[in-house]
Amino acid sequence: MMLDSGGVQMATALKHAALCLMLLPRFLLTAVMLWLLDFLCIRRKVLLQMGQRQKSPDDPPVCVSDSNRMFTLESLGAVWYGQKLDFFKSAHLGSAAPNTEVMLVQERRQVRILDCMKGKRPLILNFGSCSCPPFMTRLAAFQRVVRQYADIADFLVVYIEEAHPSDGWVSTDAPYQIPKHRCLEDRLRAAQLMLAEVPESNVVVDNMDNSSNAAYGAYFERLYIVRDERVVYQGGRGPEGYRISELRSWLEQYRNDVARSQTAVLHV
């Protein structure tokens, strides 16, 4: 019995060591970038260049005020956590969509994510939180997409743990200062604020095990599209990979494909 226990502990230790070796280069690169961004002259130049590269009104540039510290223990912990979730996520392009447990904010009823699908219609999953400035900045663009494509797709906002909690990696650019969720009621209260921001979308909250966040590697923010219970679009990790313009392009292509298939049926 002792040998079995020792073997399990050794396997766990080796797994953690392998994880560290695989994630360390990317983590260190990000850490160096955060350290450099604490030099305001570099930060302003980088943000200016990023803004110039953003050609779509759906993806307004990221804003980081001078007062925000980028290189802190809290920020490094958040970056490591997000990269670890991304590495271990079970959602991948072309694979079955994880059917994790969530709670409907308005009805206070537990469901699973795929319960929100309606037949063959694509389901757009938008993961984020009220303390995430890039997510909140692009929420208006997301709402425009919801209105434009509501006839062919369904939209679900999944409220996950706070990106910049007021008792963690604080961002003064966040429109709401919300502490870490200690219980499901905390998360539901925060999601009520989100519900007011996206009245045309359904809003659900992740459970306190953060099952959806882990399965989809969603932290800080992320977009997915699910169709026929499979992942057909996987957006990049936020903030740099979170692009509403890509979501719009996918939906526009899907609309064109549906129109062509209907035309072909009529001709037959």
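The values are calculated or read from the model by the stated rules, or taken from the named source; none is laboratory data. Please read these numbers as outputs of a predicted model, since none were measured by experiment. Cβ atoms come from the backbone with ideal geometry, glycine included; neighbour counts cover every protein chain shown. For accessibility, only protein heavy atoms count, side chains too; no ligands or nucleic acids. Shrake-Rupley method; radii C 1.70, N 1.55, O 1.52, S 1.80 Å.
Rank Gly51, Trp80, Phe127 by how far each Cα sits towards the positive end of the charge dipole of the stretch 1-143 (+1 on Lys, Arg Cβ; -1 on Asp, Glu Cβ) and give me just the farthest. Value: Gly51. Note on the stretch 9-87: percent of Cα-Cα distances in each 5 Å bin, starting at 0 and stopping at the bin with the largest distance, equals 3, 13, 18, 18, 17, 14, 7, 4, 4, 2, 0. Here the stretch 50-172 carries DSSP beta bridges of which approximately 40% are antiparallel, counting only pairs with both residues inside. Ranking Cys20, Cys63, Cys130 from most to least accessible surface, computed with a 1.4 Å probe over the protein chains only, gives Cys63, Cys20, Cys130.
Ligands, DNA and RNA excluded, the heavy atoms of Val46 present near 40 Å² of accessible surface to a 1.4 Å solvent probe.
Convex hull volume per residue, computed on the Cα atoms of the stretch 1-138, equals 216 Å³.
Across the protein chains, with a 1.4 Å probe defining accessible surface, the residues Thr72, Thr137 rank Thr137, Thr72 from largest area downward.
Return a single number: how many Lys pairs in the chain, at a sequence separation of 8 or more or on separate chains, have alpha-carbon atoms below 24 angstrom apart.
5
Ligands, DNA and RNA are left out, and with a 1.4 angstrom probe the accessible area of the chain is 51 Å² per residue.
For the stretch 106-194, the share of alpha carbon pairs falling in successive 5 Å distance bins from zero is 3, 13, 21, 21, 19, 14, 7, 2, 0 percent. When nucleic acids and ligands are ignored and a 1.4 Å probe is applied, Tyr81 ends up with an accessible area of around 60 Å².
About the centre of its Cα atoms, the stretch 146-227 shows a dipole size close to 80 debye [charges on the beta carbon of Lys, Arg (+1) and Asp, Glu (-1) only; nearest 20 debye]. Taking the protein heavy atoms of the chain in the context of the full set of protein chains, the accessible area attributed to carbon and sulfur is 60 percent at 1.4 Å. The stretch 7-86 and the stretch 101-155 have Cα centres separated by 26 Å. Convert 20 °C to kelvin, take the viscosity as 1.002 mPa s, use the Kirkwood radius over C-alpha pairs of the stretch 168-268 as Rh, and evaluate the Stokes-Einstein diffusion coefficient in µm²/s, rounded to a whole number. So the translational diffusion coefficient is about 129 µm²/s. Projecting the Cα atoms of Val258, Leu193, Pro239 onto the charge dipole of the stretch 125-268, computed from C-beta unit charges around the Cα centre, puts Val258 farthest toward the positive end. The mean of 1/r over all pairs of different alpha-carbon atoms in the chain, once inverted, gives a Kirkwood hydrodynamic radius of 19.9 Å.
Of the whole protein surface, Ser56 contributes about 40 Å² of accessible area at a 1.4 Å probe radius. Rounded to the nearest 20, the size of the Cβ-charge dipole of the stretch 1-144 about its Cα centre is 520 debye, with Lys and Arg at +1 and Asp and Glu at -1. Note on the chain: antiparallel DSSP beta bridges, both residues inside, total approximately 65 percent of the bridges counted.
Candidate membrane-span-like segments in the chain, meaning DSSP H helices with Cα atoms spread over at least 30 Å of their own axis and a Kyte-Doolittle mean of -1.0 or above, are 2-37, 244-267, with no membrane implied. The orientation-averaged shadow of the Cα convex hull for the stretch 200-252, equal to a quarter of the hull surface, comes to 4.5 nm². If only the Cβ of Lys and Arg carry +1 and only the Cβ of Asp and Glu carry -1, the dipole of the stretch 128-173 around its Cα centre is close to 260 debye.
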